[in-house]
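**Student:** Below are the structure tokens for one structure; questions will follow.
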Amino acid sequence: MLYIGLLLIIIIVVIFLLYMWKMAHENNVLHHQLLLEGEPEKVRLFFISDVHLRKINKRMITQLTEHFDAVIIGGDLADNRTPISRIHDNLQLLTSIGPTYFVWGNNDREVGEDRLKSILQKYHIQIIVNDAVLLPTKNRFWLSAIEDTTVKEYSFEKAFEKVGERDLVVFIAHNPEVFAKVRAKYRADLMMGGHLHGGQIRFGPYGVHPNGSYRERDGVMTLVSNGYGTTLLPMRLGAKPQCHIIDIDISSK
């Protein structure tokens with residue numbers, strides 16, 4: 001009887017681990033809407049963060065038939081486990097759907113900063129570091145981003161110094177824990193980040209970090225993504241992998 005009991009426990013544990021592995025490899029594209037005031041136009045963004053070791057699913061990308069005004073990589077595209085060939089494969093897919101922008105995460109430099117910069121340049125990907133980039137849209141529409149906070153050389157002031165009072169701005173930081181500081185001093189129409197993985201493994205409402213969300217925080221729409229890949233264990237529970245489409249509808253009142 002003891003042998004049978006142990007065997008059942010082992011089977012249950014294996015099934016549970018396989019379930020967590022399967023969840024970590026889901027391809028979930030979440031759609032979000034944002035209404036802003038300005039000259040009438042529509043702007044479409046794609047946001048992905050925390051890819052790490054994971055291979056981006058080709059079918060998921062090819063099913064995104066509409067072109068994006070900006071594809072934003074919100075940090076941790078890779079880490080020291082990621083084969084260089086996989087970085088190339090992932091970037092080839094992402095750049096196929098629109099002009100692509102990159103923000104540093106806390107693990108990216110494990111690949112080698114110069115090496116990763118060289119790869120990004122090969123795919124004509126613009127790196128945003130303590131700066132803002134103007135998108136080629138009717139409105140003055142900025143992507144603003146800081147250096148990763150683990151480097152200690154990030155500057156909110158530099159990220160916003162180009163942005164005018166009536167301009168539209170999306171602020172990106174790999175670590176969303178800085179968002180409260182930004183809201184206290186600067187104006188943004190949307191904030192986006194990742195890093196926290198939604199806790200990655202959660203038991204009901206309990207996890208080391210909150211689950212990802214898209215909601216208004218202190219008057220600013222804020223996207224905190226669970227990310228696409230995993231760190232340490234290639235498993236998830238209660239915090240599904242995510243990437244995001246943000247449809248921004250700009251109209252005059």
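The values are calculated or read from the model by the stated rules, or taken from the named source; none is laboratory data. Quick caveat: nothing in here was measured; it's all calculated off a predicted structure. Virtual Cβ from ideal backbone geometry, glycine too; neighbours counted across all protein chains shown. Side chains included, ligands, DNA and RNA excluded: accessible areas come from the protein's heavy atoms. Shrake-Rupley method; radii C 1.70, N 1.55, O 1.52, S 1.80 Å.
**Student:** I need the full set of residues from the range 216-242 which are under 20 Å from Leu35 (Cα atoms) and not in a loop (DSSP other than H, G, I, E, B), in order please.
**Tutor:** Passing the criteria: Glu216, Arg217, Val220, Met221, Thr222, Leu223, Val224.
The rows are residues; the columns are (1) touching a strand residue (DSSP E or B) at 6+ places or on another chain (Cβ under 9 Å); (2) not acidic (Asp, Glu).
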{"site": "Leu2", "(1), (2)": "no, yes"}
{"site": "Leu18", "(1), (2)": "no, yes"}
{"site": "Glu26", "(1), (2)": "no, no"}
{"site": "His52", "(1), (2)": "no, yes"}
{"site": "Leu64", "(1), (2)": "yes, yes"}
{"site": "Leu77", "(1), (2)": "yes, yes"}
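**Student:** Oh, and also: Quick check on this structure: which one of Ala184, Ala188 is over 18 Å from the mean Cα position of the chain (by Cα) and either of a type in the set (A, V, I, L, M, F, W, C) or under 19 Å from Phe46 (Cα atoms) (or both)? It would help to see each step written out before you state the result.
**Tutor:** Numbers: Ala188 fails: over 18 Å from the mean Cα position of the chain (by Cα).
When all the criteria are applied, what remains is Ala184.
**Student:** Return the residue satisfying two criteria in turn: it lies in the range 100-140 and is in contact (Cβ under 8 Å) with a residue 60 or more places away in the chain and among the hydrophobic types (A, V, I, L, M, F, W, C), and of such residues it is nearest to Ser252 (Cα to Cα).
**Tutor:** Filtering first and then ranking leaves Leu135.
**Student:** Filtering the range 41-95 down to residues that are over 16 Å from Gly194 (Cβ atoms), in contact (Cβ under 8 Å) with a residue 40 or more places away in the chain and not hydrophobic (A, V, I, L, M, F, W, C), which residue is most open to solvent (accessible area, probe 1.4 Å)?
**Tutor:** So the residue we want is Lys42.
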